[in-house]
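Some notes on the structure that comes next.
The values are calculated or read from the model by the stated rules, or taken from the named source; none is laboratory data. This structure is a prediction, so every number in the text was calculated from the model and none was measured. Here the Cβ positions follow ideal geometry from the backbone for every residue, glycine too, while neighbour counts run over all protein chains shown. Remember, those area values only see protein heavy atoms, side chains included, never the ligands or the DNA or RNA. Shrake-Rupley method; radii C 1.70, N 1.55, O 1.52, S 1.80 Å.
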Amino acid sequence: MLDTLDATAVRTWCRLALTALGQAREEIDALNVYPVPDGDTGTNLYLTVEAATEAAEEAAGDPAADGDGLGPITAAMARGALIGARGNSGVILAQWLRGLAEGLADGGDAPALRRALPRAAEAAYLAVADPVEGTLLTVAAEAARAAAAEDGSLADTARTACSAARAALQHTPEQLDVLAEAGVVDAGGRGLVAVLGALADTVLGHTPMGPMALRHETVRPLPAHHDDCEGHARLPGHPAFEVIYLLEAEEDAMPALRTRLAALGDSLVVGGGDGLWNVHVHVDDAGAAVEAGVEAGRPYRIRITHFAEAAARAGAGSRPEPSAPARAVLSVVSGHGLAELCEQAGSAVLHADPDRPPVSAELADAVRRCAAREVIVLLNDPELRAAAGAAADQLREEGVRIAVLPTRSPVQGLAALAVHDAGRRFDEDVVAMTSAAGATRHAELAVAEGESWTMAGVCQAGDVLGLIDGDVAVIGTDAAETAATLLDRMLAAGGELVTLVLGADAPGHLAEDLVAHARRQRPEVDTVVYHGGQESELLLIGVE
């Protein structure tokens, strides 16, 4: 349990918030009825916090910055959220984070958090041209009010804020008729509850993921929207376009910009400061909204979404260009040997840094580079599922038919690639590859970095760990002996083919010893060895 927030705690909070939003992303998307029922609030919040998390990690690793200080890390987090903010809710959350960062600039103890949460709520309200109760704003205000009245520890304050936010969320349908009619709570408010829950879990020491962030009440999901989207149709009762851009401008230019944009449309949110702003508005004249930004300063990263066309794409499925290749497979791997194996099997490759997994934007760009109408993605890492889900939602809006196979290890990815057949129908190919991956049990050999409790007992730094399906099953001191024990446990459940993928730091005799052991113990089992070159594991094992 923490007495004060520091840079490490903020980074942990960002990661937990990202995990919580990743798990709740589809649920939050389904809640999205206000201000426009376009079903993307969960995705937008996830992408916003993903940008904040990435910025915080970069600031911590920057030798030019005071990586141990709370002020620099929270400022980086808030700026990252501002630059990466998506949608109405994302800009509001970014402004909330900015207010929180300003409140924590001088310290992270309980009194500081009690001051920072009201400041964050106030900043969020000020960003919205026409604040509406029953939204994220209300949830933020109630959390701030409860925290300010708390006189206990940092943990008490964080827990009180989260509990108050959760209670406020359940009352949002009483404050906003559109929520009551749909029978749901506010989507943005649900996202803020996840973020505050992650903060409480961080302070309480509930890691890697605790009950505050994950706990939520059941809500009734919304039916799919079926709007007529021909020509310049719009979602009934709403402007036709969403316009978002970053803007470099002086603060004295912002009142006139807000006035002009407010006259053009609604859902106006302007967040930022110190010369950089994130502008979001719903309008019928997208060109006029951009021109207003040009008059105020320098707009860039301009994104214009036609609501009706986006809804049509989501409802009708992909509409690919006829000239695009029919199908591609993208494999996410680390290690040059693994990359070559995947390429030889006909897959495009996204090289993953084991110390910094790819974010959703990188995954989306890798799929775009495939330039195919249909793409099957092999993640080979369970930690990438949320980022891949957010990327897939973006790509489907662009007309790409995409399936993300949740392969948990590169050996499962290799098994899936072995049965890939571009001549089959897309769905049939996905089913066959998923079945092959699911039929492959996976294990890995790694070296412990420090003392830790595991399912197999306590390990010390330098111990050799054998993991089966992600859980430590064997602890040893010799790589070959531990690998042999691990393989015996894998084969105890049966198997016909063993795949061994050697890491960059694997002992030179490891493969030879293990193949000989397999022949002695199970001569009927075939064994293949590849040099994967991955840095994070000494050895990967697949049993089919």
**Request:** Tell me which residues, restricted to segment 253-272, are outside any helix (DSSP H, G or I) and surrounded by 17 or more Cβ atoms within 10 Å (Cβ to Cβ).
**Result:** Gly265, Ser267, Leu268, Val269, Val270, Gly271, Gly272
**Request:** Among what's in segment 11-58 and is part of a loop (DSSP other than H, G, I, E, B) and aliphatic (A, V, I, L, M), pick the residue that is farthest from Leu395 (Cα to Cα).
**Result:** Val33
**Message:** Among the residues of segment 148-164, what is the count of those that are farther than 15 Å from Asp109 by Cβ and either outside any helix (DSSP H, G or I) or open to solvent by 50 Å² or more (accessible area, probe 1.4 Å) (or both)?
**Reply:** 3
**Request:** Restrict the check to segment 105-112 and report whether at least one residue is open to solvent by less than 10 Å² (accessible area, probe 1.4 Å) and within 17 Å of Gly272 (Cβ to Cβ).
**Result:** no
**Message:** Just to be sure before I move on: is Arg119 buried (at least 24 other Cβ atoms within 10 Å of the Cβ) and not hydrophobic (A, V, I, L, M, F, W, C) in the structure I sent?
**Reply:** no
**Complete:** Taking segment 278-309 and keeping residues under 16 Å from Val91 (Cα atoms) and open to solvent by less than 10 Å² (accessible area, probe 1.4 Å) leaves Asn278, Val279, His280, Val281, His282
**Message:** Just to be sure I understand, how many residues within segment 393-423 are under 24 Å from the mean Cα position of the chain (by Cα) and either of a type outside the set (A, V, I, L, M) or assigned to a loop (DSSP other than H, G, I, E, B) (or both)?
**Reply:** 15
**Asked** Restricting to segment 361-381, what's the tally of residues that are open to solvent by 10 Å² or more (accessible area, probe 1.4 Å), in contact (Cβ under 8 Å) with a residue 12 or more places away in the chain and farther than 18 Å from Leu417 by Cα?
**Response** 6
**Item:** Selection count where residues are assigned to a helix (DSSP H, G or I), in contact (Cβ under 8 Å) with a residue 24 or more places away in the chain and over 19 Å from Pro173 (Cα atoms), scope segment 120-144
**Value:** 7
